[in-house]
Every structure is written in structure tokens, then in C-alpha cells.
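Visitor: Following this message is one structure expressed as C-alpha cells.
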Amino acid sequence: MKIELKNIKYADWASQETACYQASVFIDGVKVGETSNHGQGGADMVYPHEVAERIDAYAATLPPLEWDGYVIAQNHETIFGDLLNAWMGQS
């Protein structure tokens, strides 16, 4: 499964606890939904919700991530975070 974020709009000035952004979600080259985060520490929002469920099912097949001494399972938020960081040149 190839997951991409396109049409990214990032608001550095509004990013407090998390990145404030909006983006289109593409799976295997097809636009399937939208994602966004208000930048105040909350979770990423995904529309329609079934897109998050589909990506979470795929992410469950991926190896866990090691982060700051913790091992965490991947999900749509870890995938979107990695894609957003790569877009921002922080990968």
C-alpha cells in the first residue's frame, strides 16, 4: 500500500503541541480523503473515518517503531507524521 499526503498546507505559527496542517490522503495514487490537525496536541482527524481504519489495518502489519525509549505500534498518525516530517525536510 502506497500512502501519500498531497496538497499539504502547514501553519508553523499555529503549531503548538503538534503540527497544524491539512492534506489530501492518497492510497495507491487515488485520493481517498482528507486529514488535518489543529496543532494543539490533539489527534489527527481523517475524513472519512474509514480511511483511518484502512490505514490502521495496514499499519498493524508493519514493525513497531522505537521512539524515545518506547516501542509503539504504527497507525495512521505515525504514518502521517513520518510523511509530514519528510515533506518538511525533517526525515
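Visitor: Under the Karplus relation 6.51 cos²θ - 1.76 cosθ + 1.60, θ = phi - 60°, what is the ordered set of whole-Hz ³J(HN,Hα) values for the range 48-62, x standing for Gly and Pro?
Guide: x, 4, 4, 5, 4, 5, 5, 5, 4, 4, 5, 4, 5, 8, 8
Visitor: Can I ask one more? If you build a Gaussian network model of the chain, linking Cα atoms that sit under 10 Å apart, which residue out of 58, 47, 70 swings the most?
Guide: Most flexible of the set in this elastic network: 70.
Visitor: Rolling a 1.4 angstrom probe over the protein heavy atoms, how many square angstrom per residue are accessible across the chain?
Guide: Using a 1.4 Å probe on heavy atoms only, each residue of the chain averages 64 Å².
Visitor: How long is the gain from residue 1 to residue 56 if the chain were fully straight, where each residue apart is worth 0.36 nm and the alpha carbon distance is subtracted?
Guide: My answer for the length gained is 18.6 nm.
Visitor: Something else about it: Taking Rh as the Kirkwood radius computed over C-alpha pairs, what is the Stokes-Einstein D of the chain at 37 °C in a medium of viscosity 0.692 mPa s, expressed in µm² per second?
Guide: In µm²/s, the coefficient is 244.
Visitor: Let me ask something additional. Provide the per-residue ³J(HN,Hα) series for the range 21-34, in order, calculated from phi with Karplus coefficients 6.51, -1.76, 1.60 and θ = phi - 60°, each as a whole number of Hz, with x at glycine and proline positions.
Guide: Result, rounded to whole Hz: 7, 9, 7, 8, 9, 10, 10, 6, x, 10, 5, 10, x, 10.
Visitor: Still on this structure, I have one more. Round to a whole number: what % of the accessible area of the chain belongs to carbon and sulfur, probe 1.4 Å?
Guide: Roughly 52 percent, rounded to a whole number.
The values are calculated or read from the model by the stated rules, or taken from the named source; none is laboratory data. Predicted model, so just to flag it, every value in this text is computed and none were measured. In case anyone asks, the SASA skips ligands and DNA or RNA and just uses the protein heavy atoms, side chains included. Shrake-Rupley method; radii C 1.70, N 1.55, O 1.52, S 1.80 Å.
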